[in-house]
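As structure tokens, the structure follows; a few thoughts come after it.
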Amino acid sequence: MNNLSLYHIFNCVAETGNISQAARLLYVSQPAVSKSITSLEESINLTLFIRNSRGVKLTEEGQLLYQYTKQAFDILKQGEERLTHMKELGVGHLRIGVSSTLCKYVLLPYLNRFLKEYPHIKITIESQSTVHTLKQLENNTLDIGLVAKPSNQKIHEFIPLYEIEDIFVSTNEYIDNLRLRERDKDIFATANIMLLDEENISRMYVEEYFNDNNIRPQHVLEVSSMDLLIEFAKTGLGVGCVIKEFVSEELEKGKLIQIPLKKPINKREIGFCYNKAAYLSDSMTKLIEFVS
């Protein structure tokens, strides 16, 4: 197949019927246009134009080729116009990875405001663990993730939102009953300690805290989601490790109480994260500007 520019020049000459006029429209010299037409004719071994004093006229073969080049360049023009229209409207698509907890408590309020500003951007949310989200970002199968701050800053660009604090909570009634049974014993040795499953980033962070402070919970109940942890704690099934910012209302109303620790768990950052090497689409740029 010949260079696309040769067909573009041929198409312009066919439409104008004049090499000089085509040269002006293409911002090239008349000899350059003539040379391009000759090159195209020689490459396909056909005569495409008949030259006369008034300009050029398509041969039968030239007419047939023009039908195809016109269709092709019309489609390209439509594609450009559609892209321009999409950009003007802000049309796009974003794939976001996020855990179910961060989706409910953090992402949805952001998306609510973002989509009011950019209603034509399609959002696909993949609810999964932070570990899975980070792997997908590395493989470029996601655009952006909402995660706890990753350790590998060489690969990931991180936009912090705010800090969160892991705490232990329970009901007053559960703690009172526990103290009646086990008056002077450590709460981690006697209570049902409710934690997220072992593959969860929050669980891993709390396990590091346990190891650093020589804490060995004796009765562990694993729960699949933060929402269930909060509900189980409110029901009085034990002491749950939750994120303080997500139970602020329960703490304020006294439905839950915070268990004091000898050494509080260090706060950690959450934010939006994307691959530094990834192409930033117009939709991605809009979201980054929005959250920044």
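Only a single criterion out of (1) in contact with a Lys or Arg (Cβ under 8 Å, 6 or more places away or on another chain); (2) surrounded by 13 or more Cβ atoms within 10 Å (Cβ to Cβ); (3) within 24 Å of residue 105 (Cβ to Cβ) is not satisfied by residue 155, namely (3).
Residues that are assigned by TED's automatic domain parsing to the domain that holds residue 275, out of contact with any strand residue (DSSP E or B) (no Cβ under 6 Å at 6 or more places or on another chain) and on the phi > 0 side of the Ramachandran plot number at least 2 in none of the helices (runs of 4 or more DSSP H) confined to region 101-195. Within region 200-221, can one find any residue that is part of a strand (DSSP E or B) and closer than 30 Å to residue 139 by Cβ? No, region 200-221 contains no residue that is part of a strand (DSSP E or B) and closer than 30 Å to residue 139 by Cβ. Taken as a whole, region 69-90 holds no residue that is in contact with a Ser or Thr (Cβ under 8 Å, 6 or more places away or on another chain), at pLDDT 90 or above and surrounded by 11 or more Cβ atoms within 10 Å (Cβ to Cβ).
Residue 201 falls short on exactly one of the conditions (1) modelled with pLDDT under 90; (2) in the same structural domain as residue 101 (by TED's automatic domain parsing); (3) surrounded by 13 or more Cβ atoms within 10 Å (Cβ to Cβ), and that condition is (2).
Taking region 227-249 as the range and being over 30 Å from the mean Cα position of the chain (by Cα) and basic (Lys, Arg) as the test, only 234 passes. Would you be able to say whether some residue in region 53-66 is hydrophobic (A, V, I, L, M, F, W, C), modelled with pLDDT of 90 or more and outside any helix (DSSP H, G or I)? Yes, some residue in region 53-66 is hydrophobic (A, V, I, L, M, F, W, C), modelled with pLDDT of 90 or more and outside any helix (DSSP H, G or I). Among the residues making up region 222-254, those that are in a loop (DSSP other than H, G, I, E, B) and either without any contact (Cβ under 8 Å) to a residue 12 or more places away in the chain or surrounded by 13 or more Cβ atoms within 10 Å (Cβ to Cβ) (or both) are 225, 236, 237, 238, 247.
Considering 124, 141, 171, 130, the condition of being in contact with a helix residue (DSSP H, G or I) (Cβ under 6 Å, 6 or more places away or on another chain) and either at pLDDT 90 or above or among the hydroxyl-bearing types (Ser, Thr, Tyr) (or both) is satisfied by 130 alone. When 22, 72 are checked against the criterion of being under 36 Å from the mean Cα position of the chain (by Cα), assigned to a helix (DSSP H, G or I), touching a residue at least 12 places away in the same chain (Cβ under 8 Å) and more than 30 Å from residue 227 (Cα to Cα), 72 stands alone in meeting it.
Across region 209-250, the qualifying residues are those that are under 15 Å from residue 194 (Cβ atoms) and of a type in the set (S, T, N, Q), and the one among them that is modelled with the highest pLDDT is 235.
The values are calculated or read from the model by the stated rules, or taken from the named source; none is laboratory data. This structure is a prediction, so every number in the text was calculated from the model and none was measured. Virtual Cβ from ideal backbone geometry, glycine too; neighbours counted across all protein chains shown.
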